[in-house]
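No lab work stands behind these numbers, since they all come straight from the coordinates. This one's a predicted model, so the numbers in the text were calculated from it and none came from an experiment. Reconstructed Cβ throughout: ideal geometry from the backbone, glycine too, with neighbour counts over all protein chains shown.
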Amino acid sequence: MNKTTILSNRNLILRLLVFFLFSTITSSFAQNPEQPNIIFILTDDLGYTDLPAYGNPFQEAPNLDFLAENGLKFTDAYSSSPVCSPSRAGILTGIHSTRYHLTNFIAGNRKADSLSIDPANWNPFLEGKQVTLAELFKEKGYQTAMIGKWHLGNEEDQTPWAQGFDFSRMIGKNGLDYYNYGVFEDSYQNIFLDSGKHYLTDKLTAYALDFLDKKESQKPFFLYLSYSAPHVFVVPRGDKVSKYLRKYEKFDGKYNPYYAAMIESVDDGIGLILEELKSQGLDKNTLIIFTSDNGGVGLPELGPTPTNLDPLKKWKGHPYEGGIRVPLITYWPEKIKPGVTSYATSNLDLAPTFAKIAGLNPQKAWDGQSLSSILFDNRDQERESDLFWHYPHFSNQLGMPAAAIRSGDWKLVLHYENQKTELYNLKNDLSEELDLSKENPTKVRELYGKLYKWLEETKANLPISKSTGQPIILTRIMQ
């Protein structure tokens, strides 16, 4: 064999080795059929009773109706906080925001001069040390996208592009104006400004469709689509309102036609996303989860009252059902069978659910539990662990500092100002009209003991006593 032949053979072997290594590396990043795409759609202040699927006869939302009829609808789903930022932080970290003191919405902390307590000291942003779902998805080869309302901090290290999202379109501070807003595209240096041309809800949908069009086809994706609607101000697209105005009197003025039009725009966007998934052949391998960050707004805040939350008590900013019970719909063709479940769940359960389904690395600090057995197996089981809420602030919606626990069908509400408790049986009294605390002192002590232990274990930030300047001291045992 001559020298030329030897060199030629060596080159051939080298090329084969390079090809083999490239193929191996490429295949390692190719989508595993066991890794589904996940689209998580979060609305802002959408109330439990705002959708047709949850009994609203005034609203029209055919695409959400489709998801509910062909997926699994939860009747007893909750946000982990009655206001947005703590709830959103809990979703992304899987950890109750009480543990890191992000207990109010960013820019909040109203005071009440007439009361004996001030709101608790708190952390007004999501710290970079918290591990987010986006970071866990990226570890497993997922493309990650966040579109819409972020509301977890505005410093560079608090943004979605610093918290694990490859593709981000974050609404700026003026995100409550649906026709005059800015969107930061992957950085603070690149901003899209709109002055009346694009309706914000439609623009966010367009960003989602753009991501779906440009993503890498060989890799799975996690898309977090965070609509700012139907948060006030109540500003719909003009062409959506007329049909709701026509039927307004038929419903005795119970529903807000402008608010309904805002929700329909969200529904339109979901319809376009469903069409895009089908056109790309991704519909059968994509899990869609739809919910709200907290309860609806049932009193005038910035204009007319947005929504009617009957039969639930109170609204956003309160620990009652109207402030924390939310719609939750899960949809995955041929994987999740259509149905309804009364299993009590919190949005803290989403992180362990995604981990189970997508093979993410579970975190020991997570407070929730996977819903996979509910989604795919036994929907009649009851929750074994308790659900907790802690809101040591005065909300813009007249909410007072309070905490709550749900244990089975029982719910205890604790008011921090006077340490008064209320006890309800949600199975018999969803409206929380009948306080059973006097008739059930043993149950009050049981639930208060659990709540006290949880507040102590999480090192909860309690309201400040005006007389001492220190956090209030809770009674250890409720008499």
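Rounded to the nearest 20 debye, what is the charge dipole size of segment 210-319 about its Cα centre when +1 sits on each Lys and Arg Cβ and -1 on each Asp and Glu Cβ?
Roughly 260 debye, rounded to the nearest 20.
Relative to the compact-globule scaling 2.2 N^0.38 Å, provide the ratio for the alpha-carbon radius of gyration of segment 293-440.
On the way: Rg = 17.0 Å, N = 148, 2.2 N^0.38 = 14.7 Å.
This ratio for segment 293-440 stands at 1.16.
Suppose every K and R has +1 on its Cβ and every D and E has -1 on its Cβ; what is the size of the dipole of segment 35-385 about the Cα centre, in Debye to the nearest 20?
Computed about the Cα centre, the dipole is about 220 debye.
Take the Cβ-Cβ distance between Tyr188 and Glu69 as r, set R0 to 60 Å, and report the resulting FRET efficiency rounded to the nearest 0.05.
Working: r = 42 Å, r/R0 = 0.70.
Computed FRET efficiency for Tyr188 and Glu69: 0.90.
When the helices in the chain are scored as -39500 (n - 2.57) per DSSP H run of 4 or longer and the sum is shared across all residues, what 222 nm value do you end up with, to the nearest 500 deg cm²/dmol?
Details: 11 runs with 131 residues, N = 479.
Here the helix-only value at 222 nm equals -8500 deg cm²/dmol.
Take a quick pass over segment 221-327 and tell me how many lysine pairs come in under 27 angstrom between Cα atoms, counting only ones 8 or more apart or on separate chains.
Close lysine pairs under the 27 Å cut-off: 13.
Give me the extension gain from Leu430 to Ser195: residue separation times 0.36 nm, minus the current Cα-Cα distance, reported in nm with one decimal.
Extra length available between Leu430 and Ser195 comes to 80.2 nm.
For segment 138-181, list residues with backbone N below 12 Å from a point placed 7 Å from the Cα of Asp202 toward its Cβ?
What the label zone holds, given the 12 Å backbone N cut-off, is 179.
Arranged by the count of other C-beta atoms within 10 angstrom, fewest first, what order do Ser431, Ser467 take? Walk me through the numbers on the way to the answer.
Details: Ser431 14, Ser467 9.
Fewest-to-most ranking of Ser431, Ser467: Ser467, Ser431.
I'd like the orientation of helix 3-29 relative to the chain: the angle between its Cα long axis and the longest Cα principal axis, in ° from 0 to 90, rounded to 10.
20 degrees
Could you work out the per residue convex hull volume over the alpha carbons of the chain, in cubic angstrom? Walk me through the numbers before you get to the answer.
Values: hull volume 87.7 nm³, N = 479.
Given the Cα convex hull of the chain, per-residue volume reads 183 Å³.
For the pair Glu156/Lys453, report the inter-label distance in nm, with labels modelled 7 Å from Cα in the Cβ direction.
4.6 nm
Using +1 at the C-beta of Lys and Arg and -1 at the C-beta of Asp and Glu, which of Pro392, Trp454, Asn425 has the Cα lying farthest in the positive direction of the dipole of segment 389-465?
Checking the options against the dipole of segment 389-465, the answer is Trp454.
Below 19 Å, Cα to Cα, which aspartates and glutamates can Lys459 reach? Residues fewer than 8 away in the same chain don't count.
Those aspartates and glutamates meeting the cut-off are Asp118, Glu127, Asp367, Asp386, Glu417.
What nm value, rounded to one decimal, do you get for the distance between Glu34 and Ser342 when each label is placed 7 Å out toward the C-beta?
3.6 nm
How large is the dipole of segment 133-213 about the Cα centre if only Lys and Arg carry +1 and Asp and Glu carry -1, each at its Cβ, rounded to the nearest 20 debye? Numbers along the way, then the final one.
Details: 7 positive and 13 negative charges, 47 e Å.
It works out to roughly 220 debye.
DSSP loop (so not H, G, I, E, B), at most 16 other Cβ within 10 Å: list which GluC sites (Glu not before Pro) in segment 377-479 pass both filters. Please list the in-between numbers first.
Values: sites: Glu382, Glu384, Glu417, Glu422, Glu432, Glu433, Glu439, Glu446, Glu456, Glu457; in loops: Glu382, Glu384, Glu417, Glu432, Glu433, Glu439.
Hits after loop and neighbour filter: Glu382, Glu384, Glu417, Glu433, Glu439.
Out of residues 5 or more away from Phe221 or on other chains, whose amide H comes under 5 Å of its own, with H placed 1.01 Å from N in the peptide plane?
So Phe221 has HN proximity to Asn37, Ile38, Gln143.
What does a probe at Arg379 reach in segment 337-362, counting residues whose amide N is under 11 Å from the point 7 Å along Cα→Cβ?
Within reach of a label on Arg379: 337-343.
In segment 174-274, which GluC sites (Glu not before Pro) are in a loop and have at most 16 other Cβ atoms within 10 Å, using DSSP for the loop call?
When the GluC sites (Glu not before Pro) of segment 174-274 are filtered for loop state and at most 16 Cβ neighbours within 10 Å, Glu216 remain.
Below 8 Å, C-alpha to C-alpha, sequence gap of six or more: please give me the relative contact order for the chain in percent.
Details: 1031 pairs, mean separation 109.3, N = 479.
Result for the chain is 23 percent.
In the chain, if the dipole is taken from +1 on Lys/Arg beta carbons and -1 on Asp/Glu beta carbons about the Cα centre, which of Leu371, Ile324, Pro220 is farthest to the positive end?
Pro220
Just to confirm a number: summing +1 for Lys and Arg and -1 for Asp and Glu over residues other than Ser168 whose beta-carbon lies under 11 angstrom from that of Ser168, what do you get? Kindly include the intermediate steps, with their values, before the conclusion.
Working: positive: Arg169; negative: Asp166, Glu185, Asp186.
Local net charge: -2.
Along each of the three principal axes of the Cα atoms of segment 389-465, give the extent in whole Å, ordering the values from largest to smallest.
Largest first, segment 389-465 extends 34, 29, 19 Å along its Cα principal axes.
Taking 0.36 nm per intervening residue step and subtracting the Cα-Cα distance, what contour gain separates Lys214 from Thr475 on full extension?
Stretched out fully, the Lys214 to Thr475 stretch lengthens by 88.3 nm.
Percent relative contact order of segment 131-199, based on C-alpha pairs within less than 8 angstrom and at least six residues apart?
On the way: 110 pairs, mean separation 16.2, N = 69.
Relative contact order here is 23 percent.
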